[in-house]
Amino acid sequence: MADFENIKLTENGGVLTITINREDKLNALNQATLAELKTAIQGVYDDHDIKGVIITGAGEKAFVAGADIKELSGLNEMNARKFAESGQEIFELIENCHSPVIAVVNGFALGGGCELAMACHMRIATTNAKFGQPEVNLGIVPGYGGTQRLTQHVGKGKSFELQMTGDMIGADEAKSLRLVNYVEADKEAATAKANEILAKVATKAPIAIGLVVDCVNSVFNSDENGYQTEANAFARCAGTSDFKEGTDAFLAKRKADFKGE
Ligand code: CO8
């Protein structure tokens, strides 16, 4: 596994854990960290042995406390767009990944950290997690897709409130807003829950799982007819050996053994 300075990769039973590893800066995302994150996610696209991904932050205090404000402070109108677009591209890679990606949110998930969590397919928070888009405090708007994904997750009114006030919300409120799937007592329990979900997904037909990602994401792509995407995905699944295996196994009252073919 490649050597990284700002993230840590560990693999266990087909689950890759990507830990943002700048604990002294509350795991703030600088450009070097984002570049490493991109390489790690691209690796998932190429490695079919990876059945699922967990993204988390080092330590107990923060998932990611945002983009690195020191770096942001040097931006101007010329280069800021490029910064935002290159971050958006990485978060889209996460969102479109055919392996399930779960954020284990342990502490602050602010600004780019909240945006990173929202780009994952699911979020499991610890009770001390805090979510927020505090960019207005710095005189900016979210730039890594937060204006879009927060609105998709929590609806327009709450999205306006959170972005206009910059207020943080706790894990229970985030769950009641459907921003997180589960709240667990601590990082260990949240990681166990993420692994439990990923282990279950790993027993399903991989091609179908990847196409669920495409179909759900198509809901939010105004250039795409999601119903057509779904019909195409359905047809593609029907042509796989896994479809035959799944239906044969059901009819024979045995457990299906999917091969991803
Ligand atoms: N960037 C850089 N350093 C950070 C960040 C950050 N986002 N957050 C914390 N740190 C650093 C602190 O500077 C401090 O470093 P040092 O010890 O060297 O002084 C260390 O982490 C510990 O932080 P604190 O001492 O502040 O810890 P506290 O417990 O007192 O406070 C908070 C914790 C409340 C989380 C506080 O650190 C904070 O408010 N952080 C900033 C949160 C924030 O505003 N995040 C949004 C940033 S903007 C953004 O993410 C935009 C994304 C889109 C970019 C688009 C592309 C251009």
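S218 satisfies every condition listed in (1) over 14 Å from S99 (Cα atoms); (2) out of contact with any Ser or Thr (no Cβ under 6 Å at 6 or more places or on another chain); (3) open to solvent by less than 80 Å² (accessible area, probe 1.4 Å) except (2).
Look at the stretch 27-54 and say how many of its residues are within 18 Å of A190 (Cβ to Cβ) and either outside the structural domain of R123 (by TED's automatic domain parsing) or within 16 Å of the ligand (Cβ to nearest atom) (or both). Of the residues in the stretch 27-54, 1 are within 18 Å of A190 (Cβ to Cβ) and either outside the structural domain of R123 (by TED's automatic domain parsing) or within 16 Å of the ligand (Cβ to nearest atom) (or both).
The set of residues from the stretch 186-207 being open to solvent by 60 Å² or more (accessible area, probe 1.4 Å) and in contact with a Ser or Thr (Cβ under 6 Å, 6 or more places away or on another chain) comprises just one member, D186. Candidates in the stretch 12-40 are the residues that are charged (D, E, K, R) and under 18 Å from I94 (Cβ atoms); of these, the one that is surrounded by the fewest Cβ atoms within 10 Å (Cβ to Cβ) is K38. Hey, any hits in the stretch 181-197 for a residue that's within 19 Å of the chain's Cα centre (by Cα), among the small types (G, A, S) and outside the structural domain of L138 (by TED's automatic domain parsing)? Looking for residues that are within 19 Å of the chain's Cα centre (by Cα), among the small types (G, A, S) and outside the structural domain of L138 (by TED's automatic domain parsing), one finds none in the stretch 181-197, hence no.
Whenever a residue of the stretch 123-143 is closer than 23 Å to E95 by Cβ and without any contact (Cβ under 8 Å) to a residue 24 or more places away in the chain, its partners that are near the ligand (Cβ under 6 Å from one of its atoms) and outside any loop (DSSP other than H, G, I, E, B), lying with C-beta atoms within less than 6 angstrom and at least six residues away or across chains, give the pairs V141/E135. What do you reckon, is G226 of a type outside the set (V, I, T), in contact (Cβ under 8 Å) with a residue 24 or more places away in the chain, closer than 27 Å to G52 by Cα and open to solvent by less than 30 Å² (accessible area, probe 1.4 Å)? Against the criterion (of a type outside the set (V, I, T), in contact (Cβ under 8 Å) with a residue 24 or more places away in the chain, closer than 27 Å to G52 by Cα and open to solvent by less than 30 Å² (accessible area, probe 1.4 Å)), G226 does not qualify. Among the residues making up the stretch 107-164, those that are more than 13 Å from the ligand (Cβ to nearest atom), of a type in the set (S, T, N, Q) and farther than 25 Å from V216 by Cα are T126, T127.
Checking each residue in the stretch 11-29 for being outside any loop (DSSP other than H, G, I, E, B) and either closer than 18 Å to G66 by Cα or more than 17 Å from the chain's Cα centre (by Cα) (or both) picks out E11, N12, I18, T19, I20, E23, D24, K25, L29.
Within the stretch 83-91, is even one residue within 11 Å of the chain's Cα centre (by Cα), of a type outside the set (S, T, Y) and either surrounded by fewer than 24 Cβ atoms within 10 Å (Cβ to Cβ) or more than 8 Å from the ligand (Cβ to nearest atom) (or both)?
Start the filter on the stretch 83-91 by keeping residues that are within 11 Å of the chain's Cα centre (by Cα), which leaves 90-91.
Restricting the remaining residues to those that are of a type outside the set (S, T, Y) gives 90-91.
After this cut, where a residue has to be either surrounded by fewer than 24 Cβ atoms within 10 Å (Cβ to Cβ) or more than 8 Å from the ligand (Cβ to nearest atom) (or both) as well, the list is 90-91.
Checking the stretch 83-91: at least one residue is within 11 Å of the chain's Cα centre (by Cα), of a type outside the set (S, T, Y) and either surrounded by fewer than 24 Cβ atoms within 10 Å (Cβ to Cβ) or more than 8 Å from the ligand (Cβ to nearest atom) (or both).
Beta carbons closer than 8 Å, at least 6 apart along the sequence or on distinct chains, pair a first residue in the stretch 103-115 that is assigned by TED's automatic domain parsing to the domain that holds Q133 with a second that is more than 8 Å from the ligand (Cβ to nearest atom) and modelled with pLDDT under 95 for N106/E60; G107/E60.
Taking the stated definitions as given, is G111 open to solvent by less than 10 Å² (accessible area, probe 1.4 Å) and touching a Gly at 6+ places or on another chain (Cβ under 8 Å)? The answer is yes for G111. Within the stretch 160-178, the set of residues being in contact with a Leu (Cβ under 8 Å, 6 or more places away or on another chain) and either open to solvent by less than 60 Å² (accessible area, probe 1.4 Å) or within 30 Å of A235 (Cα to Cα) (or both) comprises L162, Q163, I169.
The values are calculated or read from the model by the stated rules, or taken from the named source; none is laboratory data. Computed from a prediction, not measured in an experiment: that's the story for all the values here. Please note: Cβ atoms are built from the backbone with ideal geometry, for glycine as well, and neighbour counts cover all protein chains shown. The area values use the complete protein model at the heavy-atom level, side chains included, leaving out ligands, DNA and RNA. Shrake-Rupley method; radii C 1.70, N 1.55, O 1.52, S 1.80 Å.
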